[in-house]
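J.: First the structure, then my questions, so here it is.
The values are calculated or read from the model by the stated rules, or taken from the named source; none is laboratory data. Remember, it's a predicted structure, so these values are computed and weren't measured experimentally. Cβ atoms come from the backbone with ideal geometry, glycine included; neighbour counts cover every protein chain shown.
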Amino acid sequence: MRIVRAFLIAALLWPAAADARSLLNPQWGAIFAAGQAPQLLHQCSRATPAQVSGVWQPTPAQIAVLEPKLSDLLTRQLIPFSNYRPSAADYYRQYGGLIVNGRQIIYVNGFYRALLTSTPNMDWRVKPVQICDGGIISFGVEYDPASGALSHFAFNGHL
């Protein structure tokens with residue numbers, strides 16, 4: 001009876017546990033100071049938020065809620081590129097707090113780990129990474145902490 005009860009509890013908790021998992025390495029994320037956040041918007045081959053009216057400072061707790069959702073979304077977005085074997089776990093992230101249309105959003109600027117291998121002195125924790133073209137090497141997405149929704153996901157343009 002105890003085994004059956006333990007199995008039922010585990011089965012009920014599994015979806016919640018699965019939702020909380022993230023493939024993203026927490027050490028590969030950097031929260032930019034509020035004043036630096038607009039610098040993340042200078043991308044040359046993908047759209048970024050428009051009508052930014054201000055900045056704010058995201059908290060580590062907000063990023064911890066965001067990352068499992070981002071991991072799931074990035075994994076789904078990478079499915080068409082599976083012949084290249086990319087994984088959500090292979091991406092670094094830069095987070096900036098922006099006010100867009102009166103709402104606080106966290107803008108995510110993500111880039112593939114090989115970029116740091118080719119430019120090891122890049123200070124990605126404080127300087128925005130800007131890549132032109134490159135397709136799945138870089139992406140951007142908006143996160144609304146009030147609603148918990150991710151929107152406007154885009155990889156960079158292709159060469």
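J.: Quick test of your reading of the structure: residue 69 fulfils all but one of (1) among the basic types (Lys, Arg); (2) surrounded by 21 or more Cβ atoms within 10 Å (Cβ to Cβ); (3) part of a helix (DSSP H, G or I). Name the failing condition by number.
T.: (2)
J.: Do we have residue 84 as among the hydroxyl-bearing types (Ser, Thr, Tyr) and in contact with a Pro (Cβ under 7 Å, 6 or more places away or on another chain) here?
T.: For residue 84, the condition - among the hydroxyl-bearing types (Ser, Thr, Tyr) and in contact with a Pro (Cβ under 7 Å, 6 or more places away or on another chain) - is not met.
J.: Further question: Output the residue which, of all residues in region 34-48 that are touching a residue at least 40 places away in the same chain (Cβ under 8 Å) and closer than 17 Å to residue 58 by Cβ, is surrounded by the most Cβ atoms within 10 Å (Cβ to Cβ).
T.: 37
J.: Might you let me know whether region 25-42 holds any residue that is part of a strand (DSSP E or B), more than 13 Å from the chain's Cα centre (by Cα) and over 12 Å from residue 109 (Cβ atoms)?
T.: no
J.: Let me spell it out: the conditions are (1) touching a Leu at 6+ places or on another chain (Cβ under 8 Å); (2) at pLDDT 95 or above; (3) not charged (D, E, K, R), and residue 97 meets all of them except one. Which number is the exception?
T.: Here residue 97 clears every test but (1).
J.: Still on this structure: Name the one entry in 98, 78 that is surrounded by 12 or more Cβ atoms within 10 Å (Cβ to Cβ), closer than 21 Å to residue 37 by Cβ and of a type in the set (A, V, I, L, M, F, W, C).
T.: Result: 98 is the single residue among 98, 78 that is surrounded by 12 or more Cβ atoms within 10 Å (Cβ to Cβ), closer than 21 Å to residue 37 by Cβ and of a type in the set (A, V, I, L, M, F, W, C).
J.: Could you say whether any residue in region 115-138 is in a strand (DSSP E or B) and of a type in the set (A, V, I, L, M, F, W, C)?
T.: no
J.: Still on this structure: So, of the residues in region 92-115 that are touching a helix residue (DSSP H, G or I) at 6+ places or on another chain (Cβ under 9 Å) and aliphatic (A, V, I, L, M), which turns out to be farthest from residue 157 (Cα to Cα)?
T.: 98
J.: Inside region 49-84, can you point out the residues that are under 15 Å from residue 151 (Cα atoms), more than 14 Å from the chain's Cα centre (by Cα) and not small (Gly, Ala, Ser)?
T.: 49
J.: Which pairs turn up if I take residues in region 60-88 that are more than 13 Å from residue 26 (Cα to Cα) and among the hydroxyl-bearing types (Ser, Thr, Tyr) and look for partners that are crowded, with 17+ Cβ neighbours inside 10 Å and modelled with pLDDT under 95 with beta carbon separation below 9 Å, at least 6 apart in sequence or on another chain?
T.: Every condition considered, the pairs that remain are 75/88; 84/78; 84/136; 87/78.
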